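Before any comments, here is the structure.
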Amino acid sequence: MGGIYDEPELYVAACAYRDVPADVAALLRWWQRYHGDGLPDTPRSALELAAGPAEHARLLAARGLDVTALDVNPVMCAWARDQAAAGLQLAVAEADMRDFSLGRHVDLAITMLNSLCHLITLDDMVAHLAAVAGHVTAGGLYIIELAHPADCLTPVPRTSSDWSTQTAAGRVTVHWGGPRDVIDPVTQVINEHVTVTYQKPGGAVRTVTDVVPNRFWTATEMTAAIRLAGGFTTVARYGDFDDDLALDAPGAWRLILVLRRTAGDHDQHPGQHQGDTGELA
């Protein structure tokens, strides 16, 4: 994908409203609560899919995990490699999240920021879930963050399409979709118009515009895709990274699924998966 995804600095600035340390704390807390028997209280390894600038992957690596960040965009992969601090156990794989093979298992897999919206069809989603299941240790977790269904199914969305954030490197103003971008009722795809304006100290201004197609996934569709793919059981659903916010709570603004890897016939060695092996660095 190009456009805003070819502009890592602007993308990072646009997402600077996120509290990445709090997100990671929740991921590790849920690991302790839901991992299978025989696994340690802290995961040994992790995989971030559709990682982009790999902010969550880098923080997990800083916590001592052996981490792989996977993304299909070579520009984002290069940025992630450049940002990785010396001494971190962080590999970057340039690969398609629907079909990849890393040749190893991980305890914890994550996909953040509604990145699964880029999987447009049910076949895409099932292929992705099967590929991830082939890489997660039995009893390990796959934690997925999606947009809340209320954003598309209610008159008043849970999230804003316009925001502005002051960062140490300047101010970023974002318009991402909104009422003029209408969902296709058949495909459930929205072509979101994106404008990101970044003003650095001293007055230098950059603006990037893009049109980003994404698929709206309902909770029941995700349940069906998980069953079709096999290998995972849903053990928890949340409406935020706060444990106390249920998915159906009025303030819920995300659909977060905690999946646990089951053992069985679906198991495969990741080296036997047929697909893009990616580029590790």
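The values are calculated or read from the model by the stated rules, or taken from the named source; none is laboratory data. Only a predicted model underlies this, so the values are computations on that prediction, with no experimental measurement involved. Neighbour counts are summed over all protein chains in view; Cβ atoms, including those assigned to glycine, are modelled from backbone coordinates with ideal geometry. Please note that ligands, DNA and RNA were not included when accessible areas were found on the heavy atoms of the full protein model with its side chains. Shrake-Rupley method; radii C 1.70, N 1.55, O 1.52, S 1.80 Å.
Scanning region 250-264 for residues that are in a strand (DSSP E or B) and either open to solvent by less than 50 Å² (accessible area, probe 1.4 Å) or polar (S, T, N, Q) (or both) yields Arg254, Leu255, Ile256, Leu257, Val258, Leu259, Arg261.
Scan region 84-98 for residues that are farther than 19 Å from Ala133 by Cα, without any contact (Cβ under 8 Å) to a residue 60 or more places away in the chain and either surrounded by 17 or more Cβ atoms within 10 Å (Cβ to Cβ) or among the charged types (D, E, K, R) (or both) and jot them down. Within region 84-98, Ala84, Leu88, Leu90 qualify. A search for C-beta distances below 7 Å between a residue of region 35-64 that is under 16 Å from Gly140 (Cβ atoms) and any residue that is of a type in the set (D, E, K, R) and open to solvent by 50 Å² or more (accessible area, probe 1.4 Å), counting only pairs 6+ apart in sequence or on different chains, returns Gly36/Arg260; Arg44/Asp66; Ser45/Asp66. Taking region 178-223 as the range and being more than 14 Å from Pro149 (Cα to Cα) and hydroxyl-bearing (Ser, Thr, Tyr) as the test, the residues that pass are Thr187, Thr195, Thr197, Tyr198, Thr207, Thr209.
Residues are listed down the side, and each one gets a yes or a no for (1) at pLDDT below 95; (2) of a type in the set (Gly, Ala, Ser); (3) open to solvent by less than 50 Å² (accessible area, probe 1.4 Å):
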{"site": "Val212", "(1), (2), (3)": "yes, no, yes"}
{"site": "Trp217", "(1), (2), (3)": "no, no, yes"}
{"site": "Asp248", "(1), (2), (3)": "yes, no, no"}
{"site": "Gln274", "(1), (2), (3)": "yes, no, no"}
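Of all residues in region 177-208, those satisfying the criterion of being touching a residue at least 60 places away in the same chain (Cβ under 8 Å) and open to solvent by 50 Å² or more (accessible area, probe 1.4 Å) are Thr187, Arg206.
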